[in-house]
Amino acid sequence: MRRNTKDAELRERAAQVIPGGMYGHMSTAMLPEGYPQFFAKAEGTRITDVDGNVYIDFMCAYGPNLLGYRHPQVTAAVERQQALSDTVTGPGEPMVQLAEALVGMVSHADWAMFCKNGGDATTMALMIARARQGKRKVLVAHKAYHGAVPWNTPRPGGVLPEDRAHLIYYDYNDPQALEDAAKQAGDDLAGIFAAPFRHDTFADQELPDAEYARAARAVADRHDALLIVDDVRAGLRLARDCSWETLGVRPDLSAWGKVLGNGQPISALLGNDRAREAAQKIFVTGSFWYSAVPMAAAVETLRIVRETDYLEHLQRIGTLFRDGLHAQGRAVGLGVKSTGPATMPMVLFDEDPDFRLGYAFCQAALDRGVYLSPYHNMFINAAMTEDDIRLTLEATGAALEHVKKNRASIEPPAALAKMAALVAEH
Ligand code: PMP
């Protein structure tokens, strides 16, 4: 049995001094039962909870861990910059180096601005789209996540209808829905948001049709609006460029975060010259937006991205995991399916409308030292080895056997009912 004494104690203390004990995607309502809440250490592919249990981590901090936790070269770059400056009265040279690196790598980009979270970058994109010509309407795919900001957060608390008054929702991957939404916006269309692929929670992932991506570009051009790709989650796991470059479609703006500094707090908005003047019209800033350490970490992360085969490695390792899991599912007769890119797998079960099989599977894998998510896409990192996948598949094989054997007595996940009650439909 895994120990959880320290975790339980921290949860109790947290409940006294943190509303609800925790918030956001780490809240207890969202964690599958038995999952640890608090962690003490992370190295490479492994996370260690406060009770000393070690897991192979397939969540990668919900994305940021691209190259492995405490990657030696990124850590060395952090330490070098820390010895000089971090948060001071103005930015350092790494800011310009980082902007140059991104403009050099990302085909559509002529400029970069930096911030801290993905939601900062997507909100800046929204503001720039509107600031450009004073138009108001912005198209957003149903259920797409672009950040915990009033215009997009999935729960209704503290959000006014006015915060979303000028958003028009369309169905991802449906060119006609996009056309209809644009028609509704008429001559007031400022921008169109699109995720690189459909990566909503609790749903199979869907790669974009090139026709849809081209339609998004064409609608934006026809309306003289900006096309915005939200690469916060998928950035650098599909391409060493904007993810839609793989489809031959270039946005005007792309939002980045998560992986940029391999875990250091930094995000970015990249844009082309169509959007440059509008980018100068908005006032955006923050006390930590000029900090040099995360920028130095990002400069080093991007160097590794350019100079190594990390991406091909992610694809190879991700494919091993996906193929192994599918074979195991077939062998035990359970319809387990991994959808989306191999580097960002979403694992759900057929005939599992209330997700009880998926939750039970992940809980059984956790007991065997593998940290998976039953409702969110997962992430492969470049420190993962074939040996890690072998160990992972040993755990998932046993977890699938467990699900099969106990299927009749598996209850629907309690956490899910709590969560469903909180989620607002858009
Ligand atoms: N966009 C996407 C696609 C995301 O996945 C996320 C975060 N999961 C965000 C935006 C918001 O990023 P952050 O949590 O860093 O604000």
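The values are calculated or read from the model by the stated rules, or taken from the named source; none is laboratory data. In this text the structure is predicted, and so the values were computed from the model without any measurement. No Cβ is skipped: glycine too gets one built from the backbone with ideal geometry, and neighbour counts run over all protein chains shown. Side chains are part of the model used for accessible areas, which takes the heavy atoms of the whole protein and leaves out ligands, DNA and RNA. Shrake-Rupley method; radii C 1.70, N 1.55, O 1.52, S 1.80 Å.
Looking at region 87-113, I want the residues that are farther than 22 Å from residue 286 by Cβ and have a partner that is part of a helix (DSSP H, G or I) with Cβ atoms under 6 Å, at least 6 apart or on another chain. Which pairs are those?
107/245; 110/273
Looking at 150, 156, 161, which one is open to solvent by 50 Å² or more (accessible area, probe 1.4 Å), within 14 Å of the ligand (Cβ to nearest atom) and over 22 Å from residue 272 (Cβ atoms)?
150
If we keep just the residues of region 274-306 that are part of a loop (DSSP other than H, G, I, E, B) and within 16 Å of the ligand (Cβ to nearest atom), which is farthest from residue 86 (Cα to Cα)?
By that ranking, first place goes to 284.
Evaluate the following for residue 11: is it at pLDDT below 95 and over 26 Å from residue 347 (Cβ atoms)?
It is false that residue 11 is at pLDDT below 95 and over 26 Å from residue 347 (Cβ atoms).
Tell me, please, whether a residue that is touching a Ser or Thr at 6+ places or on another chain (Cβ under 7 Å), of a type in the set (Asp, Glu) and open to solvent by less than 20 Å² (accessible area, probe 1.4 Å) can be found in region 57-67.
Yes: region 57-67 contains one or more residues that are touching a Ser or Thr at 6+ places or on another chain (Cβ under 7 Å), of a type in the set (Asp, Glu) and open to solvent by less than 20 Å² (accessible area, probe 1.4 Å).
Give region 262-287 a look and list any residue that's over 16 Å from residue 106 (Cβ atoms) and either within 21 Å of the chain's Cα centre (by Cα) or not small (Gly, Ala, Ser) (or both), or say none.
Matches in region 262-287: 262, 263, 264, 265, 277, 280, 281, 282, 283, 284, 285.
Could you tell me how many of the residues in region 198-252 are under 30 Å from residue 31 (Cα atoms), in contact with a Cys (Cβ under 7 Å, 6 or more places away or on another chain) and assigned to a loop (DSSP other than H, G, I, E, B)?
1
What residue, of 182, 131, is in a helix (DSSP H, G or I), free of Cβ contacts under 8 Å to residues at least 60 places away in the same chain and more than 16 Å from the ligand (Cβ to nearest atom)?
182
Name the one entry in 235, 271, 257, 263 that is buried (at least 24 other Cβ atoms within 10 Å of the Cβ) and more than 16 Å from the ligand (Cβ to nearest atom).
The conditions single out 271.
List every residue pair whose Cβ atoms lie under 7 Å apart, where the two residues are 6 or more positions apart in sequence or sit on different chains, the first residue falls within region 247-265 and is within 20 Å of residue 173 (Cβ to Cβ), and the second residue, located anywhere, is within 11 Å of the ligand (Cβ to nearest atom) and part of a helix (DSSP H, G or I).
255/118; 255/121; 255/122; 255/125
Kindly establish whether residue 194 is open to solvent by less than 10 Å² (accessible area, probe 1.4 Å) and within 13 Å of the ligand (Cβ to nearest atom).
For residue 194, the condition - open to solvent by less than 10 Å² (accessible area, probe 1.4 Å) and within 13 Å of the ligand (Cβ to nearest atom) - is met.
Check residue 71 against each of (1) within 25 Å of residue 342 (Cα to Cα); (2) open to solvent by less than 20 Å² (accessible area, probe 1.4 Å) and name the one condition it does not meet.
Condition (2) is where residue 71 drops out.
Give region 312-330 a look and list any residue that's open to solvent by 10 Å² or more (accessible area, probe 1.4 Å) and in contact (Cβ under 8 Å) with a residue 24 or more places away in the chain, or say none.
313, 315, 320, 324, 328, listed by residue number.
Does at least one position in region 198-213 carry a residue that is open to solvent by 60 Å² or more (accessible area, probe 1.4 Å) and over 17 Å from the mean Cα position of the chain (by Cα)?
Yes, that holds for at least one residue.
Residue check: is residue 144 assigned to a loop (DSSP other than H, G, I, E, B), more than 11 Å from the ligand (Cβ to nearest atom), modelled with pLDDT of 95 or more and open to solvent by less than 20 Å² (accessible area, probe 1.4 Å)?
no
Looking at residue 295 and the list (1) open to solvent by less than 10 Å² (accessible area, probe 1.4 Å); (2) free of Cβ contacts under 8 Å to residues at least 60 places away in the same chain, which single condition is not satisfied?
It is condition (2) that residue 295 fails.
Of everything in region 376-411, what is in contact with a helix residue (DSSP H, G or I) (Cβ under 7 Å, 6 or more places away or on another chain), under 21 Å from residue 202 (Cβ atoms) and surrounded by 14 or more Cβ atoms within 10 Å (Cβ to Cβ)? Give them in sequence order.
Residues satisfying the conditions are 379, 380, 396, 399, 400, 403, 410.
Results for (1) touching a Gly at 6+ places or on another chain (Cβ under 9 Å); (2) under 23 Å from residue 117 (Cα atoms); (3) within 16 Å of the ligand (Cβ to nearest atom); (4) among the basic types (Lys, Arg), shown as yes or no for each residue.
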| position | (1), (2), (3), (4) |
| --- | --- |
| 6 | yes, no, no, yes |
| 9 | no, no, no, no |
| 15 | yes, no, no, no |
| 26 | no, yes, yes, no |
| 39 | no, yes, no, no |
| 61 | yes, yes, yes, no |
| 64 | yes, yes, yes, no |
| 68 | yes, yes, no, no |
| 71 | yes, yes, no, no |
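Got a sec? Which of 124, 95, 105, 113 is farther than 22 Å from residue 246 by Cβ and more than 16 Å from the ligand (Cβ to nearest atom)?
Answer to the check: 95.
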